[in-house]
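The values are calculated or read from the model by the stated rules, or taken from the named source; none is laboratory data. Remember, it's a predicted structure, so these values are computed and weren't measured experimentally. In this analysis, Cβ positions are derived from the backbone assuming ideal geometry, glycine residues included, and neighbour counts consider all displayed protein chains. Accessible surface areas use protein heavy atoms only, side chains included; no ligands, DNA or RNA. Shrake-Rupley method; radii C 1.70, N 1.55, O 1.52, S 1.80 Å.
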Amino acid sequence: SSGTGGAASLTAGSSTSAVGGDLTLASGDGGTNAGAVSITGGTGGSAGGTITLTAGTSTATNAGAAVTISSGTGTATSSGDMTLNTPNAGSSGESGDITISTGHATGGDSGGISLISGNGSVGAGGAVTVSVGSADDGAGGAVTVDAGLTTGASAAGGQASITAGSSQSGVGGQAKLTAGASDTSTGGAASVLAGSSSSGTGGAASLTAGSSTSTVGGAVNILSGDGGQSSGNIFITGGAGVTGGGRVFISGGSRTGAQGAAVNISSGSGTATDSGRITIETKDAGLSGESGYLDIKTGDATNGDSGHIALSTGQGDNGSGGNILLSVGSSDSHSGGFVKLEGGPAVSTNGGNVINSAGSSSSGTGGLFRASAGASNSGTGGTAKLFGGDSNLGSGGSVEINSGSSTSGAGGAITMSAGVGSTSNGGDVTISGGVGASGNSGSGEGGSVTINTGSSLSGNSGELLLESGDASSGTAGAVTISAGDSSTVSGASINIWAGSSSSNGGNIYLKPGSASTAGSTYFVNPSTNANYGVISDTTFDFSGLSTVSISSTGTVDISSSTTLTLSGTNGISLGDSYVYGFESSTATVGSVSSGAVYIDAMAGEILSEVTSLASGSDDSFTMWNSRVTSNSLVFFTGLSSSCAPLVRNASTSTGRVNIVVHNADTSNCSQQYSLYFFVVN
């Protein structure tokens with residue numbers, strides 16, 4: 001009772017040259033239940049008795065003996081269960097471990113371990129469950145599946161595979177990798193890690209859905225967990241490297257006979273507030289490198305159109321539509337990056353269009369379209385250029401700037417203005433036609449510049465206003481209209497035409513500027529640039545020329561509302577021309593008062609008051625004429641068919657001439673005589 005209990009051995013007989021004896025431990029058969037076989041180690045104060053089942057050793061080249069533990073067969077119903085477990089621990093200990101391992105091998109492969117459930121010909125195949133017990137205070141137990149390590153120079157490590165069951169006519173089994181949940185803390189992480197390598201390439205990790213030869217292939221879903229506050233994030237990140245970081249490729253599936261699969265990247269929706277943002281960016285560069293390029297492009301097409309690229313923001317029902325911003329990064333020491341929008345080139349048809357349009361509005365003002373060059377704090381601001389396309393054999397492309405039309409209001413305006421110079425000159429505006437150069441087909445003409453105002457169907461057409469800016473303290477800018485020079489033929493003309501009309505043609509007005517001394521219109525000698533003529537509000541002076549010719553194939557009418565003066569240093573020549581059309585009138589002496597005639601004209605006919613002037617007698621009267629001065633020369637000619645009236649005396653004073661007419665004929669005048677006069681001042 002105080003020593004070691006005696007050992008009991010049950011051993012079959014040995015053989016040195018043949019097979020050793022078998023040892024069979026069997027319970028008896030029964031009409032109902034067969035007898036049980038129990039092998040139990042003894043109870044001990046410090047340790048219980050151990051049970052060891054060991055197959056026989058082979059000293060020859062054959063393998064060691066196998067150990068087979070099998071439950072009983074059920075010929076009509078289920079086969080017997082097999083349970084391999086350690087009992088529960090005591091109040092302060094740990095439950096026992098279960099170890100299933102194969103032995104090491106020095107010359108061949110080590111033994112494998114297979115954990116296989118049986119087939120079910122009518123029901124489901126048996127499940128295989130590997131489960132760790134729960135813990136009240138400590139961490140839950142781990143489940144570790146490790147494939148074998150190898151130290152061979154070119155051998156691969158062991159493969160670890162978890163494969164769900166296949167089905168010939170139903171759905172294949174699911175394969176799930178699930179981390180543990182937590183009621184009050186963070187749920188467990190689930191990681192799929194490929195093997196690392198210190199000198200070679202790290203192992204690849206693939207997540208691939210099942211293929212289908214006749215219908216749709218399986219989908220791959222990567223979902224973060226839902227959250228009462230924020231849902232979990234999803235990160236897809238290429239690995240870091242010394243010579244290059246790992247790339248991230250996302251590609252839709254290809255199709256052999258139809259359109260390739262699409263790739264959709266969508267942010268999360270917000271049922272109450274904003275939807276999620278999508279950010280596509282390259283990371284910042286290091287101390288001496290460049291930040292990464294961002295390429296967005298569609299694939300080439302051999303028979304159809306290449307793919308489109310559409311950048312569009314969502315509609316705002318109660319707010320503004322979303323903005324689209326294309327901005328290039330700034331630079332501290334070099335030029336800022338450029339933004340280039342370019343239509344696609346074409347070999348035999350038209351090149352692709354580039355269309356930039358501001359947003360339309362059904363009831364408000366259409367969106368603003370603005371293209372501006374960059375500003376500068378200390379240098380020159382950037383230049384904004386708008387070019388039509390070049391052409392080697394045809395005409396260059398046009399540049400058209402059109403404002404918007406309106407069905408009920410005014411059409412949109414076009415304003416071209418140069419920049420303001422706060423401390424220096426304002427910017428210039430230059431509009432030039434293209435240069436025409438000689439080529440294989442001969443000489444080409446320079447391009448024209450045409451500025452037209454808008455036509456009107458029922459109202460006035462638009463005005464054309466060409467003016468320089470005002471000046472508050474200096475001289476206002478000049479307006480110069482000049483035609484081009486020519487080295488071989490005539491210089492170009494300047495044509496100023498007023499508009500035609502079925503009623504009144506348009507006028508041409510030349511208006512000098514108003515001031516205390518009004519401006520004038522000058523005519524400049526093209527050779528000397530000296531003024532040879534001036535027209536002002538008081539002067540029509542062409543004294544800078546030796547000869548001035550005013551000619552017409554019709555009539556030239558020179559008139560004045562007051563006085564018209566013709567003067568010449570060497571005289572006035574009428575050029576042997578027929579002179580007529582003087583101011584003339586006719587009046588009768590005594591028609592107003594006896595002995596007086598009133599006639600305001602430079603020439604005219606005076607009818608005598610007397611009707612029978614006797615031979616040798618005189619007739620005296622006064623001609624009142626506002627054209628006569630005290631220095632006037634008045635020429636008279638008498639005419640009568642019955643006598644010879646001659647002016648014997650004519651004395652002039654301001655406004656009148658005292659006249660004495662003598663009948664030099666031997667016959668009396670039998671009727672009124674006529675006296676013709678001409679006044680020269």
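Taking only the stretch 232-249 into account, find how many residues are open to solvent by 70 Å² or more (accessible area, probe 1.4 Å) and of a type outside the set (D, E, K, R).
10
Under 9 Å by Cβ, and 6 or more places apart or on different chains, what pairs join a residue from the stretch 574-590 that is closer than 17 Å to Ser626 by Cα with one that is among the aromatic types (Phe, Trp, Tyr) and open to solvent by 80 Å² or more (accessible area, probe 1.4 Å)?
From the stretch 574-590, the pairs are Ala587/Tyr598.
Pull up the stretch 12-51, narrow it to residues that are open to solvent by less than 50 Å² (accessible area, probe 1.4 Å) and under 24 Å from Ser71 (Cβ atoms), then point me to the one that is nearest to the chain's Cα centre (by Cα).
Only one residue tops the list, namely Gly41.
Can you pull out the residues in the stretch 402-421 that are farther than 27 Å from Ala471 by Cα and open to solvent by 100 Å² or more (accessible area, probe 1.4 Å)?
Taking the stretch 402-421 as the starting set, the residues that turn out to be farther than 27 Å from Ala471 by Cα are 402-412.
Of everything in the stretch 402-421, those that are farther than 27 Å from Ala471 by Cα and open to solvent by 100 Å² or more (accessible area, probe 1.4 Å) turn out to be Asn402, Ser405, Thr407, Ser408.
Yes or no: the stretch 498-514 includes at least one residue that is of a type in the set (A, V, I, L, M, F, W, C), under 28 Å from Asp428 (Cβ atoms) and modelled with pLDDT under 85.
Yes; the residues of the stretch 498-514 include at least one that is of a type in the set (A, V, I, L, M, F, W, C), under 28 Å from Asp428 (Cβ atoms) and modelled with pLDDT under 85.
With at pLDDT 80 or above and of a type in the set (Ser, Thr, Tyr) as the only criterion, which of Thr423, Thr407, Thr450 stands out?
Of the residues listed, the single one that is at pLDDT 80 or above and of a type in the set (Ser, Thr, Tyr) is Thr450.
Can you go through Thr178, Thr144, Thr163 and tell me which one is without any contact (Cβ under 8 Å) to a residue 12 or more places away in the chain and either aliphatic (A, V, I, L, M) or closer than 29 Å to Ser196 by Cβ (or both)?
When all the criteria are applied, what remains is Thr144.
If I filter the stretch 560-573 for residues that are within 30 Å of Asn625 (Cα to Cα), among the hydrophobic types (A, V, I, L, M, F, W, C) and at pLDDT below 85, do I get at least one hit?
Yes, because at least one residue in the stretch 560-573 is within 30 Å of Asn625 (Cα to Cα), among the hydrophobic types (A, V, I, L, M, F, W, C) and at pLDDT below 85.
Here are Gly270, Gly241, Gly286: which of them is out of contact with any Phe, Trp or Tyr (no Cβ under 9 Å at 6 or more places or on another chain), at pLDDT below 80 and within 30 Å of Val339 (Cα to Cα)?
Just one listed residue meets the conditions, Gly286.
Can you name the number of the only condition in (1) open to solvent by 60 Å² or more (accessible area, probe 1.4 Å); (2) within 19 Å of the chain's Cα centre (by Cα) that Ser291 fails?
(2)
So which pairs qualify, if the first residue must be in the stretch 262-274 and under 22 Å from Phe235 (Cα atoms) and open to solvent by 70 Å² or more (accessible area, probe 1.4 Å), the second must be aromatic (Phe, Trp, Tyr) and at pLDDT below 80, the Cβ gap must be under 7 Å, and the two must be at least 6 apart or on different chains?
Sorted first by the residue in the stretch 262-274, then by its partner, the list stays empty.
Given the conditions (1) within 21 Å of the chain's Cα centre (by Cα); (2) under 30 Å from Asp317 (Cα atoms), and given that Ser362 satisfies all but one, which numbered condition is not satisfied?
In the conditions (1) within 21 Å of the chain's Cα centre (by Cα); (2) under 30 Å from Asp317 (Cα atoms), Ser362 misses (1) alone.
Per-residue answers, yes or no, for (1) assigned to a loop (DSSP other than H, G, I, E, B); (2) modelled with pLDDT under 95; (3) of a type in the set (Lys, Arg); (4) more than 19 Å from Val680 (Cα to Cα):
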{"residue": "Val579", "(1), (2), (3), (4)": "yes, yes, no, no"}
{"residue": "Thr586", "(1), (2), (3), (4)": "no, no, no, no"}
{"residue": "Ala601", "(1), (2), (3), (4)": "yes, no, no, no"}
{"residue": "Val610", "(1), (2), (3), (4)": "yes, no, no, yes"}
{"residue": "Leu613", "(1), (2), (3), (4)": "yes, no, no, yes"}
{"residue": "Asp619", "(1), (2), (3), (4)": "no, no, no, yes"}
{"residue": "Thr622", "(1), (2), (3), (4)": "no, no, no, no"}
{"residue": "Val628", "(1), (2), (3), (4)": "yes, no, no, no"}
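Sort out which residues of the stretch 299-319 are surrounded by 10 or more Cβ atoms within 10 Å (Cβ to Cβ) and over 20 Å from Asn356 (Cβ atoms), and write them in order of number. Let's see the steps before the verdict.
First, the residues of the stretch 299-319 that are surrounded by 10 or more Cβ atoms within 10 Å (Cβ to Cβ): 306-307, 313.
Matches in the stretch 299-319: Ser306, Gly307.
Condition check ((1) modelled with pLDDT under 80; (2) out of contact with any helix residue (DSSP H, G or I) (no Cβ under 9 Å at 6 or more places or on another chain); (3) open to solvent by less than 60 Å² (accessible area, probe 1.4 Å)) across all residues:
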position: Asp109; (1), (2), (3): yes, yes, no
position: Ile113; (1), (2), (3): no, yes, no
position: Val130; (1), (2), (3): yes, yes, no
position: Gly133; (1), (2), (3): yes, yes, yes
position: Asp136; (1), (2), (3): yes, yes, no
position: Ala160; (1), (2), (3): yes, yes, no
position: Gly165; (1), (2), (3): yes, yes, yes
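Starting from the stretch 181-210, keep only residues that are within 30 Å of Val242 (Cα to Cα), then list their pairs with residues that are open to solvent by 90 Å² or more (accessible area, probe 1.4 Å) and assigned to a loop (DSSP other than H, G, I, E, B) whose Cβ atoms are within a distance under 6 Å, requiring at least 6 positions of separation or different chains.
Here the result reads Ala190/Leu177; Ala194/Ala204; Gly202/Ser196; Ala205/Val192, each pair linking the stretch 181-210 to a residue that is open to solvent by 90 Å² or more (accessible area, probe 1.4 Å) and assigned to a loop (DSSP other than H, G, I, E, B).
State yes or no: is Ala601 open to solvent by less than 80 Å² (accessible area, probe 1.4 Å), of a type in the set (A, V, I, L, M) and within 30 Å of Tyr673 (Cβ to Cβ)?
Against the criterion (open to solvent by less than 80 Å² (accessible area, probe 1.4 Å), of a type in the set (A, V, I, L, M) and within 30 Å of Tyr673 (Cβ to Cβ)), Ala601 qualifies.
Could you check how many residues of the stretch 651-663 are surrounded by 13 or more Cβ atoms within 10 Å (Cβ to Cβ) and part of a loop (DSSP other than H, G, I, E, B)?
Counting residues in the stretch 651-663 that are surrounded by 13 or more Cβ atoms within 10 Å (Cβ to Cβ) and part of a loop (DSSP other than H, G, I, E, B) gives 1.
Which numbered condition trips up Thr256, out of (1) open to solvent by 100 Å² or more (accessible area, probe 1.4 Å); (2) modelled with pLDDT under 75; (3) more than 46 Å from the chain's Cα centre (by Cα); (4) not hydrophobic (A, V, I, L, M, F, W, C)?
(3)
Search the stretch 526-557 for residues being open to solvent by 100 Å² or more (accessible area, probe 1.4 Å) and hydrophobic (A, V, I, L, M, F, W, C), and hand back the single one that is modelled with the highest pLDDT.
The selected residue is Ile550.
Hey, among Leu341, Leu393, Leu326, Leu386, which residue is part of a loop (DSSP other than H, G, I, E, B), closer than 27 Å to Glu467 by Cβ and out of contact with any His (no Cβ under 9 Å at 6 or more places or on another chain)? First the steps, then the outcome.
On the way: Leu341 fails: closer than 27 Å to Glu467 by Cβ; Leu393 fails: closer than 27 Å to Glu467 by Cβ; Leu326 fails: closer than 27 Å to Glu467 by Cβ.
None of the others qualify; the one that does is Leu386.
Consider the stretch 324-339. How many of its residues are touching a Ser or Thr at 6+ places or on another chain (Cβ under 7 Å) and modelled with pLDDT of 75 or more? Outline the logic, then answer.
Here is the first cut: in the stretch 324-339, the residues touching a Ser or Thr at 6+ places or on another chain (Cβ under 7 Å) are 324, 336.
Going one step further and asking which of them are modelled with pLDDT of 75 or more, we end up with 324.
Matching residues across the stretch 324-339 total 1.
Only one residue in Ser424, Ser362 is under 30 Å from Ser458 (Cβ atoms) and of a type in the set (Gly, Ala, Ser), so which one is that?
Sole residue among the options that is under 30 Å from Ser458 (Cβ atoms) and of a type in the set (Gly, Ala, Ser): Ser362.
Would you confirm whether or not the stretch 170-183 contains a residue that is farther than 30 Å from Gly228 by Cα and either of a type in the set (Asp, Glu) or surrounded by 10 or more Cβ atoms within 10 Å (Cβ to Cβ) (or both)?
Yes: one or more hits.
Among the residues of the stretch 618-650 satisfying the criterion of being more than 22 Å from Ser591 (Cβ to Cβ) and open to solvent by less than 50 Å² (accessible area, probe 1.4 Å), which is farthest from the chain's Cα centre (by Cα)?
Per the criteria, the residue is Ala644.
The rows are residues; the columns are (1) among the aliphatic types (A, V, I, L, M); (2) open to solvent by 70 Å² or more (accessible area, probe 1.4 Å).
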| site | (1), (2) |
| --- | --- |
| Ser185 | no, yes |
| Ala189 | yes, yes |
| Val192 | yes, yes |
| Ser198 | no, yes |
| Ser206 | no, yes |
| Ala209 | yes, no |
| Ser212 | no, no |
| Gly217 | no, no |
| Ile222 | yes, yes |
